[in-house]
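Novice: For reference, the structure I am asking about is given below.
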Amino acid sequence: MIVVSHINKSFQSRDRHIHAVSDLSFQVEAGEVYGLLGPNGAGKTTTLRMVMGLLVPDSGFIQVGGVRHDGDRDNLRRQLSMISTNDGCYPYLTVREVLLYFADLYSVEMSLAKERIQEYSRLFGIEAYLDQRCNTLSTGQRQRVVLTRGLMHDPPVVLLDEPTRGL
């Protein structure tokens, strides 16, 4: 399902050259749960961003569901969902509006999006605040909304960056 092969990523920061990821390889099969563990600055988030196709590795390759990161990026992104510590809840939209917006970004039909909102809002306990603006939500409530948002297009792969923060 996910193949990461000998990826490297470096950044230039002022007068320093930072090796964020160095010769990392791993494979995750369908149905498997896999965790990247390490201290702050170990390159976990950088690795997830490369898997998502948001950053390009300096060398090596990444493949998700048979699609390489250097190929069809739109198809790659449809197969993935990234749930990160940056909550992505637009403050002046309601929870329902945010969920519908992200469903639309992934071309989910409106009727299916509404069904998923009902199903996932029960599952994640967000029914009571579907029509509240996101700027009124607690950190934990926003994290539940982000989890729901990440599932709206039913991706085969879900990447979690700090998934329990605020829950």
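The values are calculated or read from the model by the stated rules, or taken from the named source; none is laboratory data. Because the structure is predicted, anything quoted here is derived from the model rather than measured. We work out accessible area using only protein heavy atoms, side chains counted, and drop any ligands, DNA or RNA first. Shrake-Rupley method; radii C 1.70, N 1.55, O 1.52, S 1.80 Å.
Novice: Rounded to the nearest percent, how much of the accessible area of the stretch 40-84 (1.4 Å probe, protein heavy atoms only) is carbon and sulfur?
Specialist: 42
Novice: To the nearest 10 degrees, how steeply does helix 110-124 sit against the main Cα axis of the chain, on a 0 to 90 scale?
Specialist: Compared with the principal axis, the helix lies near 90 degrees.
Novice: May I ask for the equivalent-ellipsoid semi-axes of the chain, computed as the square root of five times each C-alpha gyration tensor eigenvalue and listed largest first in whole Å?
Specialist: Its equivalent ellipsoid spans semi-axes of 31, 19, 14 Å.
Novice: Rank these residues by their accessible area, most exposed first, probe 1.4 Å: 120, 106, 90. Each step should come with its number before you reach the end.
Specialist: Details: 120 25, 106 70, 90 100 Å².
Reading off the accessible areas and sorting them downward yields 90, 106, 120.
Novice: Follow-up. As I understand it, the value is the acute angle between the Cα axis of helix 139-151 and the longest principal axis of the Cα atoms of the chain; what does it come to in degrees, rounded to 10?
Specialist: 80
Novice: Let me ask something else about it. Go ahead and estimate [θ] at 222 nm for the chain from helices alone: -39,500 (n - 2.57) per DSSP H run with n ≥ 4, summed, over the residue count, rounded to 500.
Specialist: Value at 222 nm, helices only: -9500 deg cm²/dmol.
Novice: Evaluate the relative contact order of the stretch 36-167 (contact order divided by residue number), counting alpha-carbon pairs under 8 angstrom at least 6 apart; express in whole percent.
Specialist: Relative contact order, the stretch 36-167: 30 percent.
Novice: Taking amide H positions as placed in the peptide plane 1.01 Å from N, state which residues far from residue 21 in sequence (5 or more) or on other chains have amide H under 5 Å from it.
Specialist: The list, which skips near neighbours in sequence, is 9.
Novice: Just to confirm, what accessible area per residue do you get for the chain at 1.4 Å probe, in whole Å²?
Specialist: Result: 57 Å² per residue.
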